[in-house]
1. Given LYS235, LYS309, LYS296, LYS290, which one is assigned to a helix (DSSP H, G or I), among the basic types (Lys, Arg) and in contact with a helix residue (DSSP H, G or I) (Cβ under 9 Å, 6 or more places away or on another chain)?
2. If you scan the range 91-122, which residues turn out to be of a type in the set (Ser, Thr, Tyr), in contact (Cβ under 8 Å) with a residue 24 or more places away in the chain and surrounded by fewer than 16 Cβ atoms within 10 Å (Cβ to Cβ)?
3. Looking at the range 188-228, which of its residues are within 17 Å of HIS157 (Cβ to Cβ), touching a residue at least 24 places away in the same chain (Cβ under 8 Å) and part of a helix (DSSP H, G or I)?
4. Got a number for residues in the range 18-30 being surrounded by 19 or more Cβ atoms within 10 Å (Cβ to Cβ) and either modelled with pLDDT of 90 or more or under 21 Å from the mean Cα position of the chain (by Cα) (or both)?
5. Please tell me if THR249 is among the hydroxyl-bearing types (Ser, Thr, Tyr) and in contact (Cβ under 8 Å) with a residue 40 or more places away in the chain.
6. When you scan the range 128-170, how many residues do you find that are without any contact (Cβ under 8 Å) to a residue 60 or more places away in the chain, touching a Lys or Arg at 6+ places or on another chain (Cβ under 9 Å) and of a type in the set (A, V, I, L, M, F, W, C)?
7. Collect the residues in the range 159-186 that are outside any helix (DSSP H, G or I) and among the basic types (Lys, Arg), keeping them in residue-number order.
8. Given the options LEU244, LEU312, name the one that is closer than 30 Å to SER104 by Cβ, modelled with pLDDT of 95 or more and not small (Gly, Ala, Ser).
Amino acid sequence: MQKTSEKVISAKTATQMAKKIKEVNADIIHVFHFRWAMILPIICLFKKNWILDVRTVHVGNDEGQYSRLSYLKNQLTHFESLFFTQVIALTDPIKRMLTPHWRSIPVIPLGANFDRLTPNPAINHQMRIRLGINALTKIYIYTGILDPQRNIIIMLHAFERLKHLDVHLLVVGFCRNHDYFNYLKAEVTAMGMDTLVSFTGQIKYEEVVNYYHVANIGISFIPQTEYFTDQPPTKLFEYIAAELLVVSTSTKSVKSILCDKELILTQDNINDFSCALLSAYNLSVDDASKMKKAAKYKVSGYNWNCIIKEKLLPVYLQL
């Protein structure tokens, strides 16, 4: 279950949104959940078909600690969902939290645009020149929000044990906590890895794709806690779509989709994670190729084009 910051809008903003919705005159309005989302169909007098897309449940506070308010917040989300024609859930736990409802609740999972992420040798070459990285250097990539609760300092210390090798780590993501971001960079400096680790900061998704094209190995570091255990990260599917060898912590959600024949599974501590990173480095070209092909075949149903055609459009068409 993945926690995100509570999204709340003002009554004025909701009124402006409702006005725009009326101007568009759409037959179906697909709303990604925010607190008090039910105000939109109410303002619009329940005209048209309204879909509420719920992608998170509450399991903790902003520090990643258990919150006694979580249950009440989840019940409030369930109450809000009753004002919508149809509800969509990202995962089975979210579906259970939203049940019962007027209609059955379909689960529409995360996915990735496989076409866009298909390897591009030309971009790989251009990016290595731009980044000043040798053509033979093995590039590891980590993408995601750099919040303290994700504890990627463990990943950085694990990577430190590979610094004698011809490697580079790209950390692609935004950190909302500037002090924590500075702490991460200071730790990299203290470990003597300023030339081996690059932080991109916040960049557009179009540019993120270019970093996938230049990388060899994707890192899916997810703390093995209740806080994150049930939601596979988007990055996992993106790495596989980009045909990267993947190193991932062995969370419940990841293991429900992939096994150790398709990626390198490990634990969220420095020793185990560094061993997994080293295993990825030492894996033969043939073995890595087999693993990447097996992973891509296994998650083919998570191609966003497939998800739209087989899961989302049928929901629209039944309304």
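1. Answer to the selection: LYS296.
2. Listed by number, the list holds a single entry, THR118.
3. Passing the criteria: only VAL188.
4. Adding up the residues that qualify gives 1.
5. Here the answer is no, as THR249 does not meet what is asked.
6. Number of matching residues: 3.
7. ARG161, LYS163, ARG176
8. Of LEU244, LEU312, the one residue that is closer than 30 Å to SER104 by Cβ, modelled with pLDDT of 95 or more and not small (Gly, Ala, Ser) is LEU312.
The values are calculated or read from the model by the stated rules, or taken from the named source; none is laboratory data. Since we're looking at a predicted model, the values are computed, not measured. FYI the Cβ positions are ideal-geometry reconstructions off the backbone, even for glycines, and counts take in every protein chain you see.
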